[in-house]
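The values are calculated or read from the model by the stated rules, or taken from the named source; none is laboratory data. Note that this is a predicted model, so its numbers are computed, not measured. Positions of Cβ are backbone-derived with ideal geometry, glycine not excepted, and every protein chain shown enters the neighbour counts.
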Amino acid sequence: MNIEQIFKNNRKWVSDKLSIDSRYFENLAKGQDPEILYIGCSDSRATSEELMGVAPGEAFIHRNIANMVPNNDLSVQSVIAYAIGVLKVNHIIVCGHYDCGGVKAAMEPKDYGILNPWLRNIRDVYRLHNRELTCIQDENIRYNRLVELNVQEQCINVIKTSDYQRAYSARKVTVHGWVWDIRTGKLIDLEIDFDKILKNIMEIYRLK
Ligand code: CO
């Protein structure tokens, strides 16, 4: 990748936008009012805005290795607090993807140095769903299922936050668990039944 090319691409993008709407950037500069928060993986292939077809201003985006929502990660927790409390988003999406290197690494018995505590969050998801996962003989199917269960657990981590619980009681804020299938390009809604999953555990996490 030629870095100078990026600036050429940018100049073309600016002129393309302005040829359609001469006030495009003037309007963007007025402020943002996105309706969705998207939490995805940093993977260079999982492009968030592009795969959703959303324009600048439409989605507040957070990406990290394996689309995690660790309870003690100040970065993602700040993003959630700001998106809910200030931007007043109505939808929170956690989007994983098949062939996720972070999830793959967490499945391997290997020392990843500074990455260990991050990957341990995914290993904990594995432990929570150990019974289901160990029943899956095919390693690729087990890997795909861990990607899905990781999305589910990160959605639950969103629901555990006081910011989410406060907003949910005041207005409708919906959490969505999605997976992007890197082999077909298609987004898959996991249609997670949160009422069923949370039924027996919400008493533990309820903050108000
Ligand atoms: Co990934």
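Numbers for the structure displayed
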{"quantity": "Candidates 112, 98 - the one that is under 21 Å from residue 185 (Cα atoms), assigned by TED's automatic domain parsing to the domain that holds residue 129, within 16 Å of the ligand (Cβ to nearest atom) and among the aromatic types (Phe, Trp, Tyr)", "calculated": "98"}
{"quantity": "Residue check, residue 39 among the hydrophobic types (A, V, I, L, M, F, W, C) and in contact (Cβ under 8 Å) with a residue 12 or more places away in the chain", "calculated": "yes"}
{"quantity": "Subset of the range 62-83 (residues that are part of a helix (DSSP H, G or I) and hydrophobic (A, V, I, L, M, F, W, C))", "calculated": "74, 76, 79, 80, 81, 83"}
{"quantity": "Residue in the range 34-51 that is within 14 Å of the ligand (Cβ to nearest atom) and part of a helix (DSSP H, G or I) present", "calculated": "yes"}
{"quantity": "Flag if residue 189 is surrounded by fewer than 18 Cβ atoms within 10 Å (Cβ to Cβ), of a type in the set (Asp, Glu) and in contact (Cβ under 8 Å) with a residue 24 or more places away in the chain", "calculated": "no"}
{"quantity": "Helices (runs of 4 or more DSSP H) enclosed by the range 84-171 - at least 3 residues per element that are surrounded by 15 or more Cβ atoms within 10 Å (Cβ to Cβ)", "calculated": "101-106, 116-128, 139-160, 162-170"}
{"quantity": "Test: residue 133 is touching a strand residue (DSSP E or B) at 6+ places or on another chain (Cβ under 8 Å), of a type in the set (A, V, I, L, M) and more than 16 Å from the ligand (Cβ to nearest atom)", "calculated": "no"}
